[in-house]
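Note sheet for the following structure.
The values are calculated or read from the model by the stated rules, or taken from the named source; none is laboratory data. Please read all numbers here as calculations on a predicted model, not as lab measurements. With ideal geometry, Cβ positions are generated from the backbone for all residues, glycine too; neighbour counts draw on all protein chains shown. What goes into the accessible areas is simple: the full protein's heavy atoms, side chains included, and nothing from ligands, DNA or RNA. Shrake-Rupley method; radii C 1.70, N 1.55, O 1.52, S 1.80 Å.
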Amino acid sequence: PSPSPSPSPSPSPSPSTGPSPPPSTNAAPNFYYKSWQACSATEAEAFGEKFTCPADAALMCGADDDVRGLYCAESEKQSCADILSPSSINPASPGGAGWMSPTLMLGSSEMVAAAAADGYDGAYAVVTFDKLPLGTCIEVTPSSGSSQFAPSSAVPLAPKLKAQIFNTAASAVDVYMAGGGLGAYNGCSAAGSETAVPPVPFYSKYATSANTDFVSHLQSIGYSNAGSQLDSVVTWQGGIRGGATYAACIASGGSKQACAPPGNGCNGGGGICIEDAETACALAFEGVGSYTTTKAIESCKFAFAYDLHWNRDVRVEVVAFPAGLTEGTGLIPA
């Protein structure tokens, strides 16, 4: 996850029902994220009887200085079972549920344009990071020697990032991009038996074993067991990896594991790495809405081109709020 929500730089889905938040609220565009008091697309089972604010409620500011203080009128509250009923939510046009906007993926055309408009010589992103408060903006700079992960020399194309902390539950900087690991709170896609199936998945095709075209592509580049390994990799191993520097190493005759940056696996069970973004990204992702498909493919290609989909050694510094980034997120903490 300001006094008022700001529109995203280009059209994105908007809530289909309920009143819009008034200008005086401190709410970000409410379908972008799972807010503190709302139900996300993964919570129907755990919180079915809980009555809470749908994401399109008129949120008001409470005593706390972040999203934990937001609340809505009792008359607007609904049970999560009702809010998240498959008949009432649609990721192509969100209603009561909280969804993450694909506009905010690393490398989307909107995020690239925002950084360019601000004259920033890196990339913009939104991230999960628990060591700083929600809404904080940080600059993430490639570094070397402070962790077991890839030093800057192993990912030479990786730019610095300015990012806003928009979510919780990650001890390291976790960037919102296409193809990331599904993890424990999955609103994207089923992945075999590895993760709970979202009530209404955000994608109709994802980088999972059910995506037979993507599995066939991985088999063609040497992952003979991709069908049995992919669901675990995309859920728990950080998702699909690969980058331009890695691909050049493979093309010059290097092995998968030798070409992978330190702290990253490309051996199948410990990680799967693509070598051709043009082909792989188009096969891996198909959103329920065409806009999601476009943004996911943009993000996948961008992360590949700039060596960004690896566990990397970085330095983090708090920075001022970039105008273009916060215009896109709609979150400008008071």
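Worth a mention:
- Near Cys188, the amide H atoms lying under 5 Å from its own belong to Phe202; only residues 5 or more places off or on other chains count, and H is placed 1.01 Å from N.
- Accessible area of the range 98-146 divided out per residue, in Å², using a probe of 1.4 angstrom: 33
- The range 191-334 - accessible surface per residue (Å², probe 1.4 Å): 40
- Extension gain from Asp276 to Ser193, taking 0.36 nm per residue of separation minus the Cα-Cα distance: 27.1 nm
- Residue-span extension gain [Ala320 to Ala117] - 0.36 nm each, minus C-alpha spacing: 71.5 nm
- Portion, in percent, of the accessible area of the range 134-198 that falls on carbon or sulfur, probe 1.4 Å: 52
- Neighbour net charge for Lys160 - beta-carbon separation under 14 angstrom, K R +1, D E -1: -3
- Amide H to amide H, with H built 1.01 Å from N, Val314 comes under 5 Å of Ser143, counting only residues 5 or more places away or on other chains.
- Using θ = phi - 60° and Karplus 6.51 cos²θ - 1.76 cosθ + 1.60, couplings along the range 265-271 (whole Hz; Gly, Pro as x): x, 9, 8, x, x, x, x
- 3J(HN,Hα) from dihedral phi, the range 142-148, Karplus parametrisation 6.51/-1.76/1.60, rounded to Hz, x for glycine, proline: x, 9, 8, x, 9, 8, 8
- For the range 246-254, the Karplus equation 6.51 cos²θ - 1.76 cosθ + 1.60, evaluated at θ = phi - 60°, returns couplings of 4, 4, 5, 5, 4, 5, 8, x, x Hz by residue, with Gly and Pro reported as x.
- With 24 Å as the limit on Cα-Cα distance, the pairs of Lys205/Lys256; Lys160/Lys295; Lys131/Lys160 that go past it are Lys205/Lys256.
- Once the chain from Ser143 to Lys77 is taken as fully extended at 0.36 nm per residue, the excess over their C-alpha distance is 19.1 nm.
- Between Ala170 and Ser255, the FRET efficiency estimated from the beta carbon spacing at R0 = 30 angstrom works out to 0.45.
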